[in-house]
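Reviewing the structure listed below.
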Amino acid sequence: MSETLLTADEVIEFFGGTLQMADWAGTSMNDVDWWRKRGIPPEMHLRLLIEAHRRGVRIGREVFQLTRDEWDALYGAMVDQGLSKHGTCAALR
């Protein structure tokens, strides 16, 4: 995994653009366009991190507007849930 996506625009474009991201997320294109302006909503964070890992890229904490402490807490929660067994947590670091 070498590429790290650092903005909501980069994440959306990596997923194929507004329409493809909306289809994947089960939301409207208007919502995804809003994400470009206001940020990706918290309820999508974990799902996006896992899917990005599955697709071979990382998403930087900046995309989710998380502090280092919040990022570390999210990582810890994933470890607690056993996601580290699948290599997901190590890929986020």
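The values are calculated or read from the model by the stated rules, or taken from the named source; none is laboratory data. Note that the structure is a prediction, hence the values are computed from the model and not measured. Ideal geometry is used to build each Cβ from the backbone, glycine not excepted, and the neighbour counts take in all protein chains shown. Accessible surface is based on the protein model in full, side chains and every heavy atom, while ligands, DNA and RNA are left aside. Shrake-Rupley method; radii C 1.70, N 1.55, O 1.52, S 1.80 Å.
What nm value, rounded to one decimal, do you get for the distance between Leu46 and Thr7 when each label is placed 7 Å out toward the C-beta?
2.9
Testing the spin-label approximation: label points 7 Å from Cα along Cα→Cβ at Arg55 and Glu70. State their distance in nm.
The modelled label-to-label distance comes out at 2.2 nm.
Modelled label-to-label distance, Glu62 and Phe14, 7 Å Cα→beta-carbon offset: nm?
1.3
Excluding ligands and nucleic acids, what accessible area in Å² is computed for Trp34 using a 1.4 Å probe, to the nearest 10?
Only protein atoms counted, so the area is about 140 Å².
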